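The next block holds one structure in the form of structure tokens; read it before the comments.
The values are calculated or read from the model by the stated rules, or taken from the named source; none is laboratory data. Here the structure is a predicted model, which is why all the values come from computation and not from measurement. Here the Cβ positions follow ideal geometry from the backbone for every residue, glycine too, while neighbour counts run over all protein chains shown. Surface accessibility is based on the protein's heavy atoms, side chains included, excluding ligands, DNA and RNA. Shrake-Rupley method; radii C 1.70, N 1.55, O 1.52, S 1.80 Å.
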Amino acid sequence: MANDSLKIRITNGGLVAMGPGKAELLETIDSCGSISSAAKQMHMSYRRAWELVDVMNKCFSQPLVTSSPGGHHGGGAQLTEFGRFILKSYRDLVAKAHIAAQVELNQILSNLKEPE
């Protein structure tokens, strides 16, 4: 089954609180230690990455990412323990959904036309 054939997004009001792109951004921030480095690695602007982090932090009861400003001593960003919990919960949800939906999803995918 293709990795992107089933996408799960968690909404909060009109905002997407968590989805595949935001989960990837969290993982990249975790490995890079900064929003700026994560944005570069993901080929997105720093502004866009910061906006995505801001949306996630506003949607949840606690921040998922904390950051300190750059400057002479450098800055950085890290996932909070709550951020790690939400990320793991989301990844587990996606894995379970893929397993539960596999038969029906394969039936639908097998009947799609090739993209033109």
Only one of (1) assigned to a helix (DSSP H, G or I); (2) surrounded by 17 or more Cβ atoms within 10 Å (Cβ to Cβ) does not apply to Lys88, and that is (2)
Got a sec? Which of Leu52, Leu93 is open to solvent by 50 Å² or more (accessible area, probe 1.4 Å) and in a helix (DSSP H, G or I)? Leu93
Determine the pairs where a residue that is under 11 Å from Ser5 (Cα atoms), located within the range 103-116, has a partner that is open to solvent by less than 90 Å² (accessible area, probe 1.4 Å) with Cβ atoms under 7 Å apart, the partner being 6 or more residues away or on another chain. Leu105/Ser5; Leu105/Leu6; Leu109/Ser5
Looking at (1) open to solvent by 50 Å² or more (accessible area, probe 1.4 Å); (2) free of Cβ contacts under 8 Å to residues at least 24 places away in the same chain; (3) within 30 Å of Leu105 (Cα to Cα), which is the one condition that is false for Ser68? (3)
Counted residues in the range 21-35 being assigned to a helix (DSSP H, G or I), in contact (Cβ under 8 Å) with a residue 12 or more places away in the chain and crowded, with 17+ Cβ neighbours inside 10 Å come to 7
